[in-house]
Every structure is written in structure tokens, then in C-alpha cells.
């Protein structure tokens, strides 16, 4: 059996674990609800239990280390989950230190959007490019940038917080307190909210029928648009325009070789792409217009395989931090 | 005499040349109007004449190569000035190739804002940081990003086109055709335009007195605000807010250790800084708020010394492209 990494993707809702090969193939996968409200000690206890289960079920696996990803803000170099809004009670949790002590293995930690960007770049839609911007459009909007073969980290690993890039002066107030965040106008949540507002329970509209007269979600809008509903199509068109404005900014700011769109709303990529492209063609400066934009390929395993690759591809492009983290883990193990 | 580089900063208005030491000290400087309208052959002829003059005046100088900067879009790796709006008639001019053949010296080419960012990072306000975003606020808004000790280039060297980042849905149409570009609402030109609109020739206002009843420029606004004029102060406050919105985006997107503000409007940095800082404190997520913002230190020599350092600091951080360009120059010289 080839060398393998244990991988974890710690989401606000779901905690996923996997055994991943160097090729990016997932040979075993487990998941359970995160129950973030229980606090960091409880969740880390469950990560350890999942790890033990995966290891017990695959005694022959040659596990080289643990790659984990979690929501930001997160300091990948220090190995610390700083305090994500979706994980209540997490404040400066030293994940690398805790897991390193527990298993005596090298541990890497990365922001979930960065890990997904790395996964798509190494194994998915971004294979063969030198640089890409990965955009995940879902409840919120997150991003990860690969440049010159490395995750673009910036100070404390906090770069590419693209959801809170101001792109307009209008719309709903973002949870961060500002008006005009990319996420506040263009996330799946924003799209669902627009649709819910535009319709009413029992109005017989396609979107409300799909939602069984509950709140309309982005998924319902996409389904209704796909079925030809005019209101849903108009909403998808407006959504594509916001995405196009944001993507144009990303082109001007990062100048990637490729934009990869993932997240829940990428289920509607085929419907959104023409409008996004038209907006880019209208707004981007000429030298940026020929950059391709594609749908992510790895779905919800992008973060897992990206995190695993931090272990299995150590020393190769994309793992600039590996040695630093290794030293930190060793030092803490000695202490 | 220590080793030296010939440096050129090719602006839309002024063509500057210098002899620069490895320390960043400028030991000789010349300049003349660019007369961009005359086309690339004529301008390059004048660059060659200026170079010859500098070399003739300093026969003892040990010149290691030529570092040049010019407005973007520009491909630093290929050494080509692609076609800046401010240099009419320039289309894909192979600057490295032309100057390399002429002088038989290594030549490096860089976007002017990137070169200024590099200059401020090595010799100016950014010394000692690992990463910074340099923002030049003047006729337009340009930017350069230093990350992990290197200029952040992106595809074709086109990253950090921050002036055309959409930050609002309001305001004047930008020359690029869009509404809401950072440059369109926050450049010195935009500030002057606001002031001109708010006042009228002969109205006795402080700003019009300073402009001798002509159009009011950003400089006049800053001067009037410094003298206590209430209208000018309100304009400066609004300007600071736009800059703060844009700078907050730059923090979220690049997560630098430092923001350095240069360009003509940085003459009013002391007046603008409190409003910019208040806007950042209001809008940036907590983890980004403690990033310092300072005024550029090198004025109009930032680009020259940054370009020179591409030659004199070759092989050190910040010159990742040096060898590639060297090979390209050698290849073309052999041809």
C-alpha cells in the first residue's frame, strides 16, 4: 500500500475525516456532525476518535502525517485556529500542537478555502496551471489563491478573505457589519434571501413549490431556473452579475491563470457561467479577459485532499510552510 | 566606487534616469519630458541618449546593468511594454531586448508601481517587513504588492491592478469604462474634480483662490484643508473614507504586514491618515486592524531605486525573475 495521510476537514456543520493517497485518491472516508457548540476540547476528542477509527480499520496503512483544514481566521504557520465565527468557543486552539502530541506524527493545518484551492490545483480543475484563484460560493464566499506554485498566505495566513471585499454600496448588511461585501450580495444565502423576498408561501411560484412553501434557498432558485422559471432565471442573471463583478476584481488583483468556482452554488455553474463571463468581458481590462473560469471538480473532498497533500507532497511547491511547521511540532514534542 | 545600476523610470509625462548604488543611494540623476506622443522609437532613442550622458559623466562607474520601469500593462518576464494608456503608440515594445542589444548589459523591466513597491520595501518605508502593499494615489491609483520577499506578479506580471478594483456602484465613470473603480472615486483626479464641482471661479473660496480660479486640483484641496477651510476639510474626509474602503479590501485580500501610501496625494497623508484609519477600524475584520499604514519615504525616486535593485540585488529576495530575464537577454543577443 502506498504512503497515506490522515486528513480532516473541520466544518461548522460537518466534521470529515479521510485516508488519502499521494495521488489524491480517497481510500476511506468518515464524517459526523461537528457539534461545534460543544467547544474545542470535545470536537478535538472526536477528531482523535475518528482518526483512531480510520487507523484501526486500515492497519496496513503507512500513515505519514495528518493534514487538517478548518475555517479561518487561522494561522497555518503557528498551527492555530484563531476563532472562526462558525466554531463557537474556539479561541486560539493550537491544533498542530495537540494533534502532534497525540499521534506523534507531523501535522499541517490550513484554512479550509486555501486547502480546497490546493486540492483543486493539484488534483482537480486547476491541474497544470501555475496560479489560480479558487472561489467557494455557498453560505458565504471564501477564497484561496495559488501563486507561483504556493498558497498565497500573507500575514498570519489571512490573505484572500475575498468574501469581505467591498464591491458595492448597496444591499443587506453583512454579518461582519459592513454594507457591500461580495459575500453579502453574491453568496448562496444572499440569492436565497432575494428569492424568499420576491415570493410568498402559497403563491404557487416554482421556487416556493420547490421549497414546499418554506424559505427559498439558492438550490431551489437554480432548480427553478433550470426548469425555465422566468423569475428564477432573472435572479440567476443578477447573481451572475454580482459574481462577475467580484471575479473581475480578483482578476485585476491577483492576475491568476484560472478562476475555479466551487461551493454549493457551483451546482448552477452552467446557468451562471454565461452571465459571469459577460460581466467579466464588460468590466475587466483587455489583458485579463482571456483568463478561463471553470467549475471545481472535487466537490466536498477538495479540502481533504488539499490538506492531505500538505503532508504527502512536502518539500514540493505548495508546501513552503512544511518545514517551519515540522520544526514547531518537534520543538513542542520535546518540551 | 561601488557597483552601480543605470535606472530609468519611464512615465507618461517625465522620463527619469539615474545612477544608483546598491544601498539605494542615487549618485546622479537626469530627467526630461517623455514626449510620449513621438512614439516608442523616439522615446527609446532618448533613453539611450540619457544613458550615454550618465555613463559619459561618470566614466569610473562600474555599471552592472539597467533596471527600467514603465507603466503597465507590462510583462516583466518577457520584458515587454504591452501598451500603457499613457504612452500612445506603444504596442508590445520589447524593452529588455532593445536595451540589452544596445548596451550589452543585463536589463530588467518592471511595472512602475511594482518597482516603487520594491524600492520602498528595500530602501524606504517598508524596510524590514516581509510583505507590503504599496498604493500610489495620484492622477490614478496604482499598486504593487511584495509578498514573502518577492514582487507579486501573477499571470504576465499583471497582478495588483488595484485602481480598477470595483468598490462601489456610484460615482463618475472610470476611463476604463466601468463605474465604481477605486481610482474613479479616490484618485487625486477624483478629489480635484469634486472640489472643482463644489466651487466656482470667482466665488472667493479658499480652494479657488489657491487655484487662481482655474480648476481645483487635489493639491489645492489639501492646501486649503491644511489652512483650515471647512469645505476642503469635508472633501479630505470623504477622500479618506474612500481610501479607507479600498485599503480595507487590500488588507482582506493580500494581508500585508504594512500598507505604504505614496503618490502626489501622500502630501496630504497627515490630514488623510486619521480618516483612513477610522474607516479601516470600522470595516476591517478584527485580525487585520492592527496592520500599520505609513507614508512612502522615497518620493519620485522609489521607482528608480526599485528598478536599480532588480540589477544590484540579483539573486536575493525580490528578484525571482532575474535569471529568467537574463537567459532571455542572452538568447536574443546570440540570435
query = From the list A:203, A:215, A:257, which one is surrounded by fewer than 22 Cβ atoms within 10 Å (Cβ to Cβ), touching a residue at least 60 places away in the same chain (Cβ under 8 Å) and assigned by TED's automatic domain parsing to the domain that holds residue A:276?
reply = A:257
query = Looking at A:86, A:34, which is the one that is within 29 Å of residue B:254 (Cβ to Cβ) and either in contact with a helix residue (DSSP H, G or I) (Cβ under 7 Å, 6 or more places away or on another chain) or surrounded by 15 or more Cβ atoms within 10 Å (Cβ to Cβ) (or both)?
reply = A:86
query = So which residues in region B:250-290 are part of a helix (DSSP H, G or I) and touching a strand residue (DSSP E or B) at 6+ places or on another chain (Cβ under 6 Å)?
reply = B:250, B:254, B:265, B:266, B:269
message = One residue is enough: does region A:106-121 have a residue meeting the conditions more than 20 Å from residue A:5 (Cα to Cα) and modelled with pLDDT of 95 or more?
response = no
remark   = Of the conditions (1) in contact (Cβ under 8 Å) with a residue 24 or more places away in the chain; (2) closer than 19 Å to residue B:126 by Cβ, the single one that residue B:290 does not satisfy is (1)
ask   = Which of the residues that make up region B:179-197 are under 21 Å from residue A:286 (Cβ atoms) and surrounded by fewer than 18 Cβ atoms within 10 Å (Cβ to Cβ)?
value = B:179
Residue that is farthest from the other protein chains (Cβ to nearest Cβ), among those in region A:79-106 that are in a helix (DSSP H, G or I) and over 19 Å from residue A:36 (Cα atoms) = A:103
request  = Just need a number here: residues in region B:222-244 that are in contact with a helix residue (DSSP H, G or I) (Cβ under 6 Å, 6 or more places away or on another chain) and assigned to a helix (DSSP H, G or I).
outcome  = 15
note = Note on residue A:154: of the conditions (1) under 30 Å from residue A:97 (Cα atoms); (2) in contact (Cβ under 8 Å) with a residue 24 or more places away in the chain, unmet is (2)
ask   = What number of residues in region A:295-312 are modelled with pLDDT under 95 and not in a helix (DSSP H, G or I)?
value = 0
ask   = Of the residues that sit in region A:266-295 and are away from chain B (no Cβ under 12 Å) and within 12 Å of residue A:244 (Cα to Cα), which one is surrounded by the most Cβ atoms within 10 Å (Cβ to Cβ)?
value = A:272
task = Kindly indicate which of B:98, B:66, B:80 is outside the structural domain of residue B:153 (by TED's automatic domain parsing) and in contact (Cβ under 8 Å) with a residue 60 or more places away in the chain.
result = B:66
request  = Run residue A:109 past the list (1) more than 14 Å from every other protein chain (Cβ to nearest Cβ); (2) assigned to a helix (DSSP H, G or I) and report the number of the one that doesn't hold.
outcome  = (2)
query = Pick from A:205, A:255, A:211: which is touching a helix residue (DSSP H, G or I) at 6+ places or on another chain (Cβ under 6 Å) and more than 20 Å from residue A:266 (Cα to Cα)?
reply = A:255
Residue match in region B:43-50 (condition: part of a loop (DSSP other than H, G, I, E, B), away from every other protein chain (no Cβ under 14 Å) and more than 22 Å from the chain's Cα centre (by Cα)) = no
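The values are calculated or read from the model by the stated rules, or taken from the named source; none is laboratory data. Keep in mind the model is a prediction, meaning the values are calculated, not measured. A quick note on method: Cβ atoms are made from the backbone with ideal geometry, for glycine too, and the neighbour counts reach across all protein chains shown.
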